[in-house]
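Peer 1: Sharing a structure, written as structure tokens. Questions coming.
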Amino acid sequence: MKGVIVYQTVKTLSNNGLSQRAIASQLNMSKTTVNEYLKLGNDEALEKLTHVKKESQFDVAIELILKKLDAFPNIRASKLYRQVTAEYPEITAKQRAFRKYLQRLRKNTPSRQHRFYHPVINDLPGHQMQVDPGQFQVERDEETKFTVYFIAFVLSHSRKIFAHFQTTPYNTNDFINAHLQVFQYYGGLAFEYVYDQTKLVVIKENYREVWLNEKFHQFALKSGFEIRVCEGYDPESKGKVERVVQEVKYDFLHGEYFQGIESVRNRAIAWLEYVGNRIHSTTGEKPDVLFQIELEKLKPWSKVEDEKRKVDKVGLISFCGNKYSVPFKYQRRNVLISESLNTLNIK
């Protein structure tokens, strides 16, 4: 009713003989606005200047929404919408309406979200997988946090994603084991895997000559995929997976409480199923639908068979450039070896 009160004040001052300029000066408004008010009749002014706030379905969940925004300022609207509608199933309004509702609540809060640019490329099915590490502090409860380290993977054609999680920084063995889980998850390997210049892949670069991490390089050769390393400061080369890293942080890890790493891993299964069945904004298709096409183009994967090694006269065998000792009884004999979960198994 504030507009109606101002209108009545303008009319009263005008009836008392004040000019439009004097009214504008007294009410701290423009002369043009005063003129517009004076042109309105009483009925017309009541209709135009009376604003009744329309109730929203989301008002019923306002306490939950504000509590979430206070605890997790960067939570995505899409995730908060899922949480709100799960808690209040009577809400039938769509996600677009919720975004507008949330914008009104956040109008005094600067947005920290960024649009992540990546070029639109018609990638061949089964050709490329992009890989990128990340880390994020997650909430154990309202007072404590712990750090989760993860490796994000995405197939460039279907946009089907996977993430491997642990609570310690990755070493080469961890990185290899993450890839083994990826091979099993997808049921195959892409032709090339794209990385930035992480020490897990690249030891150093001199004049554009890349020195690869030898152990990981041997793993790639044995598994049958090509390593492609991006040049420094070239985010477009792996823009798809950089976007996935943000998805893992803000659409999965942020806005939730996790009791430990097993809780993260278990809940990631449902989250991966969700993102695999939503329509991707670039392809216009669900990743799981395109993946059925891409799967036919992936290189089939099967668990690596045991390898034969000859034990030398002092009881040592060679594996991935390193020497390992075996019990005395195996000297000068052939043994079978395999690697799993950071352990070298000898039979």
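We did not get these values from a lab; they are worked out from the coordinates using the rules stated. This one's a predicted model, so the numbers in the text were calculated from it and none came from an experiment. Cβ coordinates were reconstructed from backbone atoms using ideal geometry, including for glycine residues, and neighbour counts include every protein chain displayed.
Peer 1: For a test of the definition: using alpha carbon positions, the gyration tensor, and the 1.5 limit on a/c, classify the stretch 128-300 as rounded, prolate or oblate.
Peer 2: Numbers: a/c = 1.68, a/b = 1.19, b/c = 1.41.
Because a/c hits 1.5 or more and a/b fails to exceed b/c, the stretch 128-300 counts as oblate.
Peer 1: From the phi of every residue in the stretch 282-298, what ³J(HN,Hα) in whole Hz does the Karplus formula 6.51 cos²θ - 1.76 cosθ + 1.60 yield, where θ is phi - 60° and glycine or proline is x?
Peer 2: Result, rounded to whole Hz: 8, 7, x, 10, 6, x, 5, 6, 5, 5, 4, 6, 5, 4, 5, 9, 6.
Peer 1: Here is a further query. Beyond 27 Å between alpha-carbons counts as too far, so tell me which of LYS238/LYS286; LYS160/LYS204; LYS199/LYS249 fall in that bin.
Peer 2: On the way: LYS238/LYS286 20 Å; LYS160/LYS204 31 Å; LYS199/LYS249 22 Å.
With Cα atoms farther than 27 Å apart: LYS160/LYS204.
Peer 1: Pull up all non-local amide H partners of VAL202: gap of 5 or more, or a different chain, and H-to-H distance under 5 Å with H placed in the peptide plane.
Peer 2: ASN213
Peer 1: At a 10 angstrom cut-off on C-beta neighbours, averaged per residue, how do the peptides 56-63, 85-92 rank from highest to lowest? Walk me through the numbers on the way to the answer.
Peer 2: On the way: 56-63: 15.1, 85-92: 11.6.
Per-residue Cβ counts within 10 Å, averaged per peptide and sorted highest first, yield 56-63, 85-92.
Peer 1: Once amide H atoms are placed 1.01 Å from N in the peptide plane, what residues at a sequence separation of 5 or more from GLU256, or on another chain, have their amide H within under 5 Å of its amide H?
Peer 2: So GLU256 has HN proximity to GLU139.
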